[in-house]
Amino acid sequence: MSKAHGGVDIAANVAGVLERIARAAERSGRSAADVTLVAVGKLVEADRVRKAIAAGVTDVGENYVQEAAAKKPLVGAGARWHMIGHLQRNKAKQAVAIFDMMETVDSYRLAEAIGRQAEAAGRTMPILLQVNTSGEPSKSGIAPEEAETLVAAVSQTPGVRVEGLMTIGRWDPDPEKARPEFRLLAELARRLEERTGVGMRWLSMGMSHDFEVAIEEGAGLVRVGTGIFGPRR
């Protein structure tokens with residue numbers, strides 16, 4: 001049944017990824033329970049996301065507000081939803097209605113827009129601040145040296161709660177190439193916690209090809225799409 005789409009066995013893939021997460025966590029002296037798998041549903045049909053949830057996925061990541069808005073009612077209950085793509089301020093109201101966490105906050109103005117809409121909806125939105133640890137101009141996120149100022153400002157913003165940091169490692173066939181960037185994010189989180197007093201509960205880093213390295217460096221959220229759903233069409 002689960003192989004209906006191009007021979008991809010979603011349940012087997014989820015089991016395999018969870019096993020790899022457990023082994024990577026063990027190597028880093030942690031428990032598998034310390035790491036949450038976020039299944040990336042970008043361009044994946046609702047019924048396939050449902051299969052992943054049935055196989056044990058608890059968290060779903062989406063890149064686009066419009067796609068998530070259309071898909072979430074079809075997927076139904078059973079998972080927490082993470083915004084993992086670039087969010088425009090004018091989509092903040094819709095995003096607050098859909099998502100349980102925003103992982104890609106990279107400016108005070110965006111945090112303020114999310115906070116304003118969350119307050120209007122009677123809630124506080126957990127957010128992660130996106131840091132560009134690779135320095136690649138094609139990637140969103142603040143520079144590491146800007147993080148302390150942003151954390152200090154955003155932590156005073158009503159309607160949002162900073163819960164950690166997020167980064168996208170450089171893509172390279174060798175996942176080890178991203179290790180310094182993941183290590184940088186973990187060190188930055190420790191420093192920010194000491195200097196600002198804001199708890200850095202989550203480090204979201206690592207994707208299908210490098211999540212094990214990210215876990216070894218302290219990731220608590222890993223974002224896996226292709227490793228679960230197969231290559232996107």
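The values are calculated or read from the model by the stated rules, or taken from the named source; none is laboratory data. Keep in mind the model is a prediction, meaning the values are calculated, not measured. Glycine gets a Cβ as well: all are built from the backbone with ideal geometry, and neighbour counts include every protein chain shown.
In segment 188-195 there is at least one residue matching the filter, namely being touching a residue at least 12 places away in the same chain (Cβ under 8 Å), of a type in the set (Gly, Ala, Ser) and in contact with a strand residue (DSSP E or B) (Cβ under 8 Å, 6 or more places away or on another chain). Filtering GLY115, GLY122 for residues that are closer than 20 Å to ARG80 by Cβ, assigned to a helix (DSSP H, G or I), of a type outside the set (D, E, K, R) and at pLDDT 95 or above leaves a single hit, GLY115.
Scanning segment 175-233 for residues that are more than 16 Å from LEU128 (Cβ to Cβ) and among the aliphatic types (A, V, I, L, M) turns up ALA178, VAL213, ILE215, VAL224, ILE228.
Pairs meeting the criteria (first residue in segment 199-228 and under 20 Å from GLU45 (Cα atoms), second residue outside any loop (DSSP other than H, G, I, E, B) and of a type in the set (Lys, Arg), beta carbons under 8 Å, at least 6 apart or on different chains) are MET207/ARG223. Against the list (1) outside any helix (DSSP H, G or I); (2) in contact (Cβ under 8 Å) with a residue 60 or more places away in the chain; (3) under 18 Å from LEU203 (Cα atoms), the condition GLY29 fails is (2). Can LYS42 be described as over 17 Å from the mean Cα position of the chain (by Cα) and either surrounded by fewer than 20 Cβ atoms within 10 Å (Cβ to Cβ) or outside any loop (DSSP other than H, G, I, E, B) (or both)? When the stated conditions are applied, LYS42 does not pass them. Against the conditions (1) more than 19 Å from the chain's Cα centre (by Cα); (2) at positive phi, LYS51 satisfies every one except (2).
Looking across segment 91-109, the residues that are surrounded by 22 or more Cβ atoms within 10 Å (Cβ to Cβ) and either more than 17 Å from the chain's Cα centre (by Cα) or without any contact (Cβ under 8 Å) to a residue 60 or more places away in the chain (or both) come down to ALA92, ALA95, VAL96, PHE99, MET102, VAL105. Scanning segment 128-169 for residues that are in contact with a strand residue (DSSP E or B) (Cβ under 6 Å, 6 or more places away or on another chain), on the phi > 0 side of the Ramachandran plot and touching a residue at least 40 places away in the same chain (Cβ under 8 Å) gives a single hit, GLY164. Checked against the criteria, ALA77 does not count as outside any loop (DSSP other than H, G, I, E, B) and on the phi < 0 side of the Ramachandran plot. The single residue among GLY85, GLY78, GLY56, GLY61 that is among the small types (Gly, Ala, Ser), buried (at least 23 other Cβ atoms within 10 Å of the Cβ), within 18 Å of the chain's Cα centre (by Cα) and within 30 Å of ASP9 (Cβ to Cβ) turns out to be GLY61.
The numbered conditions (1) surrounded by fewer than 23 Cβ atoms within 10 Å (Cβ to Cβ); (2) closer than 16 Å to VAL160 by Cβ are all true for GLU145 except (2).
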